[in-house]
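Take a look at the structure below.
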Amino acid sequence: TFSFGGRNMSTQTSFQGTESVSAPSGKQVEQRLAPARILEYAQNRRIALPIHTTLEIVEDPEIFPVPRSAPHGIGLFYWQERWLPVIDLGHLFQQADLSVAIEKLRYVLVIAYQRVPGQALEYGAIVLPLLPETIFIGDDASCALPEDSPLWPEISLSCFTYKDAATPIVDTGR
C-alpha cells in the first residue's frame with residue numbers, strides 16, 4: 001500500500017512551485033505550476049487527477065464482482081471499513097487495450113471526491129494498469145479536450161498536452 005497523504009481536501013495547496021517561461025514579448029516571466037497525478041488507462045491514453053483527490057495505491061486488491069453491473073464497474077473493494085466501487089477507465093472510455101481481468105488486477109487507486117462542497121467526502125477506486133506519475137503543469141500546456149468520448153466535457157475541469165497527447169484533468173466529483 002502506498003499512501004499519498006491527508007484527506008482534508010479543502011486545505012490542500014493548489015499550486016506548488018513556479019518556472020520561468022518566455023512571454024510572447026520575449027521577456028521571461030514566472031508561471032505557477034500545479035501538481036497532477038497522471039493515470040494511463042489505455043495505450044497512450046491518460047487522464048490527470050488533482051493530486052489532493054488521490055489517496056492510496058493498493059497492491060493486489062481483492063475485488064468482488066457485482067452481477068449485471070456496467071462494463072466499467074468491475075466490482076467492489078473493501079477499504080478502511082467501507083465498500084468502494086471500482087471503475088475501469090479503459091472500459092468507461094471504450095479504450096480497453098490495457099484493461100486487466102479481475103483475477104490479474106495488480107493495483108487500484110483510492111480516490112476521494114465531494115459531490116457538493118461542504119459535504120462529507122466519498123470514496124471510490126480506479127483500476128491502475130500502470131502506476132501513476134506525478135507531474136507539475138503550467139498554463140502554457142493547456143489544450144482542447146480530446147474528441148474521442150462524449151464524457152470529456154461532462155467530467156473534465158480542463159485539459160493539457162502531456163507526451164504529445166491531450167490529457168483531460170478529471171473532476172472526481174462529477
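The values are calculated or read from the model by the stated rules, or taken from the named source; none is laboratory data. Please read these numbers as outputs of a predicted model, since none were measured by experiment. Cβ placement follows ideal geometry from the backbone for every residue including glycine, while neighbour counts extend to all protein chains displayed. For the accessible areas, the whole protein counts, side chains as well, though only heavy atoms, and no ligand, DNA or RNA atoms are used. Shrake-Rupley method; radii C 1.70, N 1.55, O 1.52, S 1.80 Å.
Just a few scattered comments:
- Subset of the range 39-66 that is part of a loop (DSSP other than H, G, I, E, B) and closer than 17 Å to L92 by Cα - its residue that is modelled with the lowest pLDDT: Q43
- Pair list, Cβ < 9 Å and 6+ apart or interchain, from the range 100-115 residues that are at pLDDT below 70 to residues that are open to solvent by 30 Å² or more (accessible area, probe 1.4 Å) and of a type in the set (S, T, Y): none
- Against the numbered list (1) over 29 Å from D60 (Cβ atoms); (2) part of a loop (DSSP other than H, G, I, E, B); (3) not aliphatic (A, V, I, L, M), T172 comes up short only at (1).
- Odd one out for T172, checked against (1) without any contact (Cβ under 8 Å) to a residue 60 or more places away in the chain; (2) buried (at least 19 other Cβ atoms within 10 Å of the Cβ); (3) not small (G, A, S): (1)
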